[in-house]
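Have a look at the structure below before the remarks.
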Amino acid sequence: MKKLMLLIILSVTLAACSNEASLNEEEVGALSEDVQQNIEENVTHRGVYLYEFSERTPLLVARVSEGSNVELTEVEEGVIGVEVDENTETEEDELRVFRINMPNDVHEVKLFIDGLETHFDGVQR
């Protein structure tokens, strides 16, 4: 049992020290009440928002059409891109929250919707 626990702790530690950027979807209900309230008050229409509550792990909040694909790509050295491919087959939208884990060498996040570079609908620090 101790070996299993040590293996789990070691795996989590190594994942946290990874030098790769990653995008992890989170349940809105799992966020702190302050963050949930902030999102509910400010994300009232379709769009993609960046919340920088933590310097190396900002939140990406997307109110997009149901079934849209959201993924992270490397644009160039030091720059990562968030790519949103909208599902045009539905009018229904959904609220999705992602945590971006950024290595120290990343200094910029760019947004692409359906392949076109655009701006975030809001950035909050």
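Note: the stretch 21-124, Cα convex hull, 92 Å³ per residue. Proximity of backbone amide H atoms, modeled 1.01 Å from N, is registered between Val75 and Ile80, Gly81 at under 5 Å, excluding neighbours fewer than 5 places apart on the same chain.
Summing +1 for each Lys or Arg and -1 for each Asp or Glu among the other residues whose beta-carbon sits under 15 angstrom from that of Glu27 gives -3.
Ranked highest first by average number of other Cβ atoms within 10 Å, how do 78-88, 112-122 line up?
On the way: 78-88: 16.0, 112-122: 12.9.
Sorting 78-88, 112-122 by mean packing, highest first, produces 78-88, 112-122.
Label-to-label distance for Glu76 and Val123 is 1.7 nm, based on points extended 7 Å past Cα in the beta-carbon direction.
What full-extension length gain, to one decimal in nm, is calculated for Gln36 and Asp114 as 0.36 nm per residue of separation minus the Cα-Cα distance?
25.3 nm
The calculated FRET efficiency for the pair Asn24 and Asp85, based on their C-beta separation and a Förster distance of 25 Å, comes to about 0.85.
Between Asn69 and Glu94, 0.36 nm times their residue separation minus their Cα-Cα distance comes to what?
Values: separation 25, 0.36 × 25 = 9.00 nm, distance 1.19 nm.
Residue separation times 0.36 nm, minus the Cα-Cα distance, leaves 7.8 nm.
Here, each number is a calculation from the coordinates, and none is a lab measurement. Note that this is a predicted model, so its numbers are computed, not measured. Every residue, glycine as well, gets a Cβ built from its backbone with ideal geometry; the counts of neighbours run over all protein chains shown.
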